[in-house]
Structures are given as C-alpha cells and as structure tokens.
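First up is the structure itself, then whatever we jot down about it.
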Amino acid sequence: MNTLQRIALALVIIGGINWGLIGLFQFDLVASIFGGQDAALSRLIYTLVGIGALCCLPLLFAPADEDEKETAKGRNLTYSTEFAEENDPTEFNNDKEK
C-alpha cells in the first residue's frame, strides 16, 4: 500500500467515525470543530473524505495475501500432500504398456 492509499484510508476512517457519531448521537464532529457544516473548512474536509473513499476503491478489489497475488499473476500453485510423494502419472502409463 503506497502513501496516497494510506492517507486516503485514514480519511475514510475519519469519515466513518464522523458518520458513526452522527448516527448514534446526532453529533457532527467535523462541523463542530471547523465551524458548522456550511463553513469552507468543513466542506473541504467532507470533500477530502469523499476523494479518499474514491481512492480506496481499488483496495476493495486488490488481492488480500501472497497466494492470491501469485494466482492473479498466472502462476500455478502446487497442491501436494505432506505425507507422501505423489507418483508421476506418465510413469504409471509407461510401465503398463511394457
């Protein structure tokens, strides 16, 4: 995750906390800190939170861990058991023909 995505995620978290406060207590923290909902600074914060949410959209579709990243790149994963070695099916067919 790069720096821009981290900043955007922080802004989205701030917006989520603010919406939680509005929903639970009818208290708009951003508006109370920056002079009301119509104040220029409050509108700037609301705009930055909205832009941050748009910047976080690619994170929603990004692979979560290394295994998913490898399959997304087209690499094949090997699925084998840890108890025994697997036989090569081509060797079995060659022995049967002889």
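What follows is calculated from the coordinates using simple rules that are stated; it is not laboratory data. Quantities reported herein were computed from a predicted structural model and do not represent experimental measurements. When we count neighbours, we look across all protein chains shown, and the Cβ atoms used for this are built from the backbone with ideal geometry, even at glycine.
Measuring r between the beta carbons of Asp65 and Thr90 and using R0 = 41 Å, the FRET efficiency lands at 0.80. If you take the beta carbon distance between Ile33 and Gln5 as r and set R0 to 30 Å, what does 1/(1 + (r/R0)^6) give as a FRET efficiency, to the nearest 0.05? Efficiency computed from Cβ-Cβ geometry: 0.75. Counting every C-alpha pair in region 3-63, the share spaced more than 15 angstrom apart comes to 53%. Applying the Karplus relation 6.51 cos²θ - 1.76 cosθ + 1.60 with θ = phi - 60° to region 23-40 yields 3J(HN,Hα) values of x, 7, 10, 6, 10, 9, 5, 4, 5, 6, 6, 9, x, x, 5, 8, 5, 4 Hz, where x marks Gly and Pro.
Here the gap between Ile13 and Leu57, fully extended at 0.36 nm per residue and compared with their Cα-Cα distance, gives a gain of 14.5 nm.
For region 43-53, backbone phi angles converted through the Karplus equation (6.51, -1.76, 1.60; θ = phi - 60°) give residue-by-residue couplings of 5, 5, 4, 4, 5, 5, 5, x, 5, x, 5 Hz, Gly and Pro being listed as x.
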